[in-house]
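I have placed the structure first, in the form of structure tokens, so that the comments after it can refer back to it.
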Amino acid sequence: MIVGIAIIAAFVAAVIQRITGLGFVLVLLGPVVLLYGPVEGVTIGVLLALVAALSAIPLVWRRIEWRRAWWLIWPGLIAAPFGALLVRLLPEPALLLLIAGMAYFALVAGWIPALSTSLRGRPGAVVAGSAAGFMHVASGLSGPPLAAYAVGDKWEQRRFASSVQVIFAVFSFVSVALRGLPQSPVADLWLLVAATVGGILIGTILSRHVSPRIARIAMLAIAWAGATVVLVRGILALWT
């Protein structure tokens, strides 16, 4: 039952990721954290994010801007170990609240104009990349600072959505290296990987027919629900 729900969540998240370029972990995070707990859930999330990004890169290869991506990657590599340290130090209730807080930030960051306007040029890339690397290891949610930088620096949407797959792949690989592999049964993990790859492939087909706006609405609805449930679980955990 648990792995079945997780498979559905991974598939839907991958479809949305392929159509919009973002949102894989944002959609997946709520279900896997509720099913597996904050540590194992996020570890599974970043592993599947690596699979999703590696599956998408060959499909968008020609639009990737490697130099701009690198200026976001290297600051994130420096900040990533601090995210791993935070995860090791916090108890489970605090981790749940941290994950919920980062999910809410991911959902509202696009409505904060000052955030985007302050992230421009290479100084903005260093700040955004550092925040993204830290957040990716801690929660898998590196998209908001990267998207804010793309808006502030006027990065063309399709090229950003393509280039960010490389950033997600690097940050996910580092996250797996720092956090370790999930402890769930290997057979279950392979099913989740297959669902993720299948979602990317189906999303490629659907992207020709489904509006990114519709996919984004679905992503936001699922993400808000997931973040709220994780928050409630964290609050309840503090009382037990």
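Read-outs: derived from the displayed coordinates by stated rules, not from any lab. Values in this document were obtained by computation on a predicted structure and should not be read as measured data. Methodologically, a virtual Cβ is constructed for each residue, glycine included, from the backbone with ideal geometry; neighbour enumeration extends over all protein chains shown.
Of note:
- Dividing the convex hull volume of the alpha-carbon atoms in region 26-74 by its residue count gives 94 Å³ per residue.
- Cα extents for region 101-240 along the principal axes, largest to smallest and rounded to whole angstrom: 44, 44, 31.
- According to the Cα-based calculation, Rg over Rh for region 16-121 is 0.98, with Rh computed by the Kirkwood formula.
- Calculated Rg and Dmax of the chain using C-alpha coordinates, Å: 16.4, 52
- Low-density loop positions, chymotrypsin sites (Phe, Trp or Tyr not before Pro), region 75-181 - DSSP coil, at most 13 other Cβ in 10 Å: none
- Taking region 2-238 and dividing mean pair separation by its residue count, relative contact order in percent (alpha carbons under 8 Å, at least six apart): 39
- Rounded to the nearest 0.05, the FRET efficiency derived from the C-beta distance between Ile202 and Val229 at R0 = 22 Å is 0.25.
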